[in-house]
Protein chains: 2
Amino acid sequence: MSKAERTRQFIIEKAAPIINRKGMAGASLSDIMEATGLAKGCIYGNFENKDEICLEAFNYLSQSYVKSMMAHLQPFTGSKAKLIAYLDYTLAGKHRDEMGGCPVINFGAESDDTHPAVRERVKQVIRSSREFITSLLREGVESGDYSPDLNCETQALKIYTLLEGAVIISRIENNREQLEQIVNLIKAEIETF
Amino acid sequence: MSKAERTRQFIIEKAAPIINRKGMAGASLSDIMEATGLAKGCIYGNFENKDEICLEAFNYLSQSYVKSMMAHLQPFTGSKAKLIAYLDYTLAGKHRDEMGGCPVINFGAESDDTHPAVRERVKQVIRSSREFITSLLREGVESGDYSPDLNCETQALKIYTLLEGAVIISRIENNREQLEQIVNLIKAEIETF
DNA sequence: ACAGGAACAGACCAATTGGTCTAAAAGAAA
DNA sequence: TTTCTTTTAGACCAATTGGTCTGTTCCTGT
């Protein structure tokens with residue numbers, strides 16, 4: 001890893017939570033300079049423009065989320081246990097709290113009319129999240145945990161939708177209760193699969 | 001309605017869709033001047049500052065949404081028919097499309113860390129939406145449409161969460177299909193109530 | 001019709017924005 | 001250690017930002 005690569009990564013990691021919190025338009029270069037302690041010339045030596053930093057910030061946030069989620073899921077065996085662990089990790093929201101909220105929601109809501117490249121990446125992240133849940137359900141069907149009639153894609157969409165919806169509501173209400181209730185509902189529903 | 005009041009309202013109505021699309025930080029005063037055709041002095045003669053315009057824009061968006069929703073629901077009789085009509089109106093998303101997306105999501109995602117007054121209003125709108133669905137369910141229980149055991153608050157939260165979640169996903173994916181699927185799931189679930 | 005007040009236009013302002021450029025500093029290769 | 005390239009600092013830039021202020025225009029009540 002060259003010096004430049006390390007600096008680039010450093011900037012992304014420092015900038016990401018700020019951009020996630022303040023938004024792409026709301027976070028200024030001064031904010032990023034302050035957070036990194038670097039001068040403007042250095043930042044522009046490593047990025048084309050602010051938009052590129054925003055895009056990379058979203059990539060970093062989503063990738064690091066997946067990484068920490070996978071690390072959390074790793075000890076659990078069996079697709080059903082993994083799915084429950086997935087729900088519990090979402091409920092705990094440690095990564096989210098550290099990073100200033102769910103990046104899919106924050107970047108998704110802002111990018112849809114203004115930043116097509118970011119929007120495209122958000123889309124991909126939603127897709128792969130849904131696919132991951134789908135694959136967990138499918139495994140569960142194979143292993144006999146769930147009925148063979150289970151419509152895995154549809155139920156995965158439902159679970160993901162409930163989680164995203166509950167995450168926004170809980171964040172705006174500044175109250176974990178709603179997310180807790182929804183996670184409990186999902187858990188109960190899984191038992192009927 | 002005085003001249004000033006009319007102008008104030010005019011500014012709000014023209015600015016709201018822009019702020020909803022570009023975000024509070026992303027929409028500039030020049031944008032608002034262009035959309036209204038008014039000069040800066042006029043705008044600042046009617047508002048304290050940009051933040052006030054943003055707050056009023058959210059109020060306008062949410063109130064006009066409620067109004068058009070109620071107008072749509074009016075012809076239907078019976079709480080169950082009204083609930084289905086509520087879902088269908090959400091699915092159609094006419095108001096949302098005209099205004100540049102769901103204001104609860106757009107303003108909610110942006111305000112949570114930066115605009116406490118807006119956030120508070122978004123919170124209230126979420127509350128009253130949930131309460132409205134709850135009351136429809138409760139009416140349905142009274143009239144015998146649903147089982148007396150139905151947990152109206154919880155199911156209302158679930159329905160609202162699914163709708164908000166599906167609205168974001170469909171908007172980012174730029175595809176009505178996900179929202180359609182979710183609305184169908186909700187409709188099917190109502191039948192089991 | 002007119003007087004007085006409300007509403008508006010737009011010049012003006014300081015501060016900040018994203019972005020460039022050059023010279024100095026730091027790293028890497030020899 | 002010296003050379004040469006890469007990386008960084010920060011002065012600089014034009015454009016734009018949110019916001020103020022004054023003079024003009026437009027209403028409205030008499």
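Pull out all pairs, ordered by first then second residue, where Cβ-Cβ is under 6 Å, the residues are six or more apart or on different chains, the first lies in the stretch B:10-26 and is outside any loop (DSSP other than H, G, I, E, B), and the second is among the aromatic types (Phe, Trp, Tyr).
As it stands, the answer is B:12/B:60; B:16/B:60, since those pairs meet every condition given.
Inspect all residues belonging to the stretch B:62-74 and state whether any of them is more than 10 Å from DNA strand D (Cβ to nearest atom), more than 30 Å from residue A:28 (Cα to Cα) and not in a helix (DSSP H, G or I).
Going residue by residue through the stretch B:62-74, those that are more than 10 Å from DNA strand D (Cβ to nearest atom) are B:62-74.
After this cut, where a residue has to be more than 30 Å from residue A:28 (Cα to Cα) as well, the list is B:63-74.
Narrowing further to those that are not in a helix (DSSP H, G or I): B:74.
Yes, the stretch B:62-74 contains a residue that is more than 10 Å from DNA strand D (Cβ to nearest atom), more than 30 Å from residue A:28 (Cα to Cα) and not in a helix (DSSP H, G or I).
So which residues in the stretch A:165-178 are open to solvent by 20 Å² or more (accessible area, probe 1.4 Å) and at the interface with chain B (Cβ under 9 Å from one of its Cβ atoms), if there are any at all? Working first, answer last.
Initially, the stretch A:165-178 is screened for residues open to solvent by 20 Å² or more (accessible area, probe 1.4 Å), giving A:171, A:174-177.
Within the stretch A:165-178, A:171, A:174 qualify.
Collect the residues in the stretch B:146-164 that are touching a residue at least 24 places away in the same chain (Cβ under 8 Å) and open to solvent by 40 Å² or more (accessible area, probe 1.4 Å), keeping them in residue-number order.
B:147
Going through the stretch B:47-59 one residue at a time, which ones are within 11 Å of DNA strand D (Cβ to nearest atom), open to solvent by less than 50 Å² (accessible area, probe 1.4 Å) and in a helix (DSSP H, G or I)?
Step one: list which residues in the stretch B:47-59 are within 11 Å of DNA strand D (Cβ to nearest atom), which gives B:47-54.
Then drop every residue that is not open to solvent by less than 50 Å² (accessible area, probe 1.4 Å), which leaves B:47, B:52-54.
Correct list: B:52, B:53, B:54.
Just one of A:19, A:11 is within 15 Å of DNA strand C (Cβ to nearest atom), surrounded by 19 or more Cβ atoms within 10 Å (Cβ to Cβ), more than 30 Å from residue A:156 (Cα to Cα) and modelled with pLDDT of 95 or more; which is it?
A:11
Can you name the residue in the stretch B:179-193 that is surrounded by 15 or more Cβ atoms within 10 Å (Cβ to Cβ) and free of Cβ contacts under 8 Å to residues at least 60 places away in the same chain and, of all such residues, is farthest from the other protein chains (Cβ to nearest Cβ)?
Taking the stretch B:179-193 first, the residues surrounded by 15 or more Cβ atoms within 10 Å (Cβ to Cβ) are B:179, B:181-183, B:185-186, B:190, B:193.
From what's left, free of Cβ contacts under 8 Å to residues at least 60 places away in the same chain: B:181-182, B:185, B:193.
Numbers: B:181: 6, B:182: 6, B:185: 6, B:193: 14 Å.
So, considering only residues that are surrounded by 15 or more Cβ atoms within 10 Å (Cβ to Cβ) and free of Cβ contacts under 8 Å to residues at least 60 places away in the same chain, the one farthest from the other protein chains (Cβ to nearest Cβ) is B:193.
Going residue by residue through the stretch A:9-16, is there one that turns out to be away from chain B (no Cβ under 11 Å), more than 28 Å from residue B:22 (Cα to Cα), touching a helix residue (DSSP H, G or I) at 6+ places or on another chain (Cβ under 7 Å) and within 14 Å of DNA strand D (Cβ to nearest atom)?
Yes, the stretch A:9-16 has at least one match.
Can you pull out the residues in the stretch B:70-90 that are in contact (Cβ under 8 Å) with a residue 24 or more places away in the chain and open to solvent by less than 50 Å² (accessible area, probe 1.4 Å)? Working first, answer last.
Step one: of the stretch B:70-90, the residues in contact (Cβ under 8 Å) with a residue 24 or more places away in the chain are B:78-80, B:82-84, B:86-88, B:90.
Within the stretch B:70-90, B:78, B:79, B:83, B:84, B:86, B:87, B:90 meet the criteria.
Being closer than 30 Å to residue A:96 by Cα, modelled with pLDDT of 95 or more and surrounded by fewer than 18 Cβ atoms within 10 Å (Cβ to Cβ) is the requirement here; does residue B:93 meet it?
In short, yes.
Return the total of residues in the stretch A:103-145 being among the hydroxyl-bearing types (Ser, Thr, Tyr) and open to solvent by 50 Å² or more (accessible area, probe 1.4 Å).
Start the filter on the stretch A:103-145 by keeping residues that are among the hydroxyl-bearing types (Ser, Thr, Tyr), which leaves A:111, A:114, A:128-129, A:134-135, A:143.
If we keep only those that are open to solvent by 50 Å² or more (accessible area, probe 1.4 Å) too, we end up with A:114, A:128, A:143.
The number of residues fulfilling the criteria is 3.
Tell me which residues, restricted to the stretch A:22-32, are buried (at least 17 other Cβ atoms within 10 Å of the Cβ) and more than 9 Å from chain B (Cβ to nearest Cβ). First the steps, then the outcome.
Taking the stretch A:22-32 as the starting set, the residues that turn out to be buried (at least 17 other Cβ atoms within 10 Å of the Cβ) are A:22-27, A:32.
Once the filter is applied, which keeps residues that are buried (at least 17 other Cβ atoms within 10 Å of the Cβ) and more than 9 Å from chain B (Cβ to nearest Cβ), the stretch A:22-32 yields only A:32.
The values are calculated or read from the model by the stated rules, or taken from the named source; none is laboratory data. Everything numeric in this text was worked out from a predicted model, so none of it was measured. We place every Cβ from the backbone using ideal geometry, glycine too, and count neighbours over all the protein chains shown. With ligands, DNA and RNA removed, areas are computed over all heavy atoms of the protein, side chains included. Shrake-Rupley method; radii C 1.70, N 1.55, O 1.52, S 1.80 Å.
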